Amino acid sequence: MEKKTFAQLREQRLAANEKLGDLYLAAKNRELTDEEKMQEMNLTREIRQCEDAMRGLNLESENMKANEKREQRQKATYFRELLKDVRLGKAEREILLNPAVEGQTNNIEASGAINLTIHDMIPTLHEGLGLPEGLRMVTGVTGNEIWPVSVNDVEMEEVGEVEALTDQVLNFANITPTVRRIGLTVPVSNRAIDNAAFDLMAFVQAKFAIAMREYLAKKIYSQAAWTGNKGPFGGKTPKNINLGTDAYKNILAAVAEFSNKGFFEGNVCLSMDRVTEAELMATPKIAGAAGGFVIENGKCAGFPYTVSHYVNTTLDSAGNLVATEDRYIEVGYWEWFALQTHDEVRLSVDATSQAVAKKNITAVTLNLAASMTDLSTYINGANNQSQAFGLYKVVSNEDPTTE
């Protein structure tokens with residue numbers, strides 16, 4: 001049955017009303033007969049049905065007008081509203097290119113945006129951010145820390161039967177961490193947030209994590225004489241090591257120097273740059289013999305190692321971190337290095353304060369306190385000199401211990 005229009009329903013209702021009026025007029029001075037009562041009931045029902053159908057058409061018309069208004073919005077405006085809701089937490093933080101399930105709205109397709117082929121963002125490249133084996137970061141340290149250190153030993157004496165023993169003194173020192181505040185802040189344009197086709201804020205926060213890893217790698221590996229937090233090689237005077245045909249023997253000899261101090265070889269970790277790694281991968285353990293290579297099976301001379309270009313960096317006269325002309329290899333017993341963050345790590349996003357509102361930006365800020373402490377500076381009678389870490393300059397001479 002063909003659906004009637006609003007005008008047709010209105011005409012039908014008017015005709016039914018006129019018939020009902022004529023019926024009442026004919027029975028003006030009497031009661032309705034049974035047949036007239038039946039006509040009255042049918043006409044009343046027809047009028048009610050017409051009115052119900054007309055109300056339904058009115059509702060459909062209003063919905064159509066509302067849909068037309070929504071479709072008349074600019075597609076870019078609709079998408080910006082979606083992004084704004086994401087930033088304000090009113091929608092899911094993840095914006096999809098296409099709906100994952102039926103009815104999902106947090107996607108570009110549902111926003112009405114024109115479909116584009118958007119490739120993954122090309123990231124910045126980072127090398128040498130892996131930390132040495134044995135190094136552990138302790139987080140959330142509170143209060144003042146002190147590591148008491150015994151700086152000397154006592155010796156047995158042979159004396160006569162009644163001769164007095166010599167008084168021997170045990171000396172102690174304290175090592176305390178120097179806590180320094182570190183952090184960074186990035187102001188992001190609200191317009192950029194509103195117009196970006198991806199979760200810009202999450203991207204910025206991911207960059208913060210990379211910045212922290214880069215900060216640690218620079219401090220840990222570089223021989224730069226930092227004025228703030230610094231690793232065990234910062235400002236250290238290198239020894240020489242030959243990594244030619246006797247590379248395997250010389251590396252073992254360098255590690256053996258630490259064994260003579262009481263350090264266990266199983267806890268050592270070496271560090272070098274990629275070029276040195278490549279050379280040692282092609283350097284036989286024993287010249288002319290089929291004994292394998294210095295680096296094989298993920299180990300250097302049988303010891304774990306890490307690779308970072310920061311090994312070959314120092315500070316220039318302007319205080320900038322620069323690459324050195326020489327190459328170096330580092331030996332470290334990292335359980336003797338305390339890497340800590342103190343109190344709370346605070347990541348804040350400020351989009352409402354007066355300072356940022358005036359600039360129409362959202363400021364993302366990371367604040368924390370960190371300390372780096374070499375715990376081997378007093379052992380074996382040393383006077384504030386690192387004992388668990390060694391820096392070696394790669395040279396061509398045959399004396400691996402020449403200063």
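The values are calculated or read from the model by the stated rules, or taken from the named source; none is laboratory data. Source: prediction; values computed, not measured. Positions of Cβ are backbone-derived with ideal geometry, glycine not excepted, and every protein chain shown enters the neighbour counts.
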For the stretch 13-23, does any single residue satisfy the condition of being in contact (Cβ under 8 Å) with a residue 40 or more places away in the chain, surrounded by 11 or more Cβ atoms within 10 Å (Cβ to Cβ) and in a helix (DSSP H, G or I)?
yes
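Yes or no, residue by residue, for (1) within 30 Å of Ile175 (Cβ to Cβ); (2) within 36 Å of the chain's Cα centre (by Cα); (3) modelled with pLDDT of 90 or more:
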residue	(1), (2), (3)
Lys239	yes, no, yes
Thr245	no, no, no
Lys249	no, no, yes
Leu252	no, no, yes
Leu280	no, yes, yes
Phe293	no, no, yes
Tyr305	yes, yes, yes
Thr324	yes, yes, yes
Glu335	yes, yes, no
All but one of (1) crowded, with 18+ Cβ neighbours inside 10 Å; (2) without any contact (Cβ under 8 Å) to a residue 12 or more places away in the chain hold for Glu325; which doesn't?
(1)
More than 21 Å from the chain's Cα centre (by Cα) and free of Cβ contacts under 8 Å to residues at least 40 places away in the same chain: which single residue out of Ala256, Ala209 fits that description?
Ala256
Residues of the stretch 228-285 satisfying the condition of being of a type in the set (A, V, I, L, M, F, W, C), touching a Phe, Trp or Tyr at 6+ places or on another chain (Cβ under 8 Å), assigned to a loop (DSSP other than H, G, I, E, B) and buried (at least 17 other Cβ atoms within 10 Å of the Cβ):
Phe233, Phe263, Val268
Scan the stretch 379-392 for residues that are buried (at least 17 other Cβ atoms within 10 Å of the Cβ) and at pLDDT 80 or above and report the count.
7
Can you work out which of the residues in the stretch 189-227 that are β-branched (Val, Ile, Thr) and modelled with pLDDT of 80 or more is surrounded by the most Cβ atoms within 10 Å (Cβ to Cβ)?
Ile220
Quick check: is even one residue across the stretch 306-328 out of contact with any Leu (no Cβ under 6 Å at 6 or more places or on another chain), under 22 Å from Phe263 (Cα atoms) and not hydroxyl-bearing (Ser, Thr, Tyr)?
no
Among the candidates Gly292, Gly381, Gly266, residue that is free of Cβ contacts under 8 Å to residues at least 60 places away in the same chain, on the phi > 0 side of the Ramachandran plot and assigned by TED's automatic domain parsing to the domain that holds Lys249:
Gly292
Among the residues of the stretch 129-143, how many are surrounded by 13 or more Cβ atoms within 10 Å (Cβ to Cβ), part of a strand (DSSP E or B) and of a type outside the set (A, V, I, L, M)?
1
Selection within the stretch 27-45 - surrounded by 11 or more Cβ atoms within 10 Å (Cβ to Cβ) and modelled with pLDDT under 80
Ala27
Got a number for residues in the stretch 305-321 being touching a Ser or Thr at 6+ places or on another chain (Cβ under 7 Å) and surrounded by 14 or more Cβ atoms within 10 Å (Cβ to Cβ)?
8
Which listed residue is in the same structural domain as Val294 (by TED's automatic domain parsing), in contact with a strand residue (DSSP E or B) (Cβ under 9 Å, 6 or more places away or on another chain) and of a type in the set (S, T, N, Q), from Asn260, Asn240:
Asn240
Return the only residue of Ser386, Ser376, Ser371, Ser317 being in a loop (DSSP other than H, G, I, E, B), of a type in the set (S, T, N, Q), assigned by TED's automatic domain parsing to the domain that holds Lys218 and in contact with a strand residue (DSSP E or B) (Cβ under 6 Å, 6 or more places away or on another chain).
Ser386
Looking only at the stretch 334-366, filter to residues that are surrounded by 15 or more Cβ atoms within 10 Å (Cβ to Cβ) and of a type in the set (S, T, N, Q); which one of those is nearest to Pro304 (Cα to Cα)?
Gln340
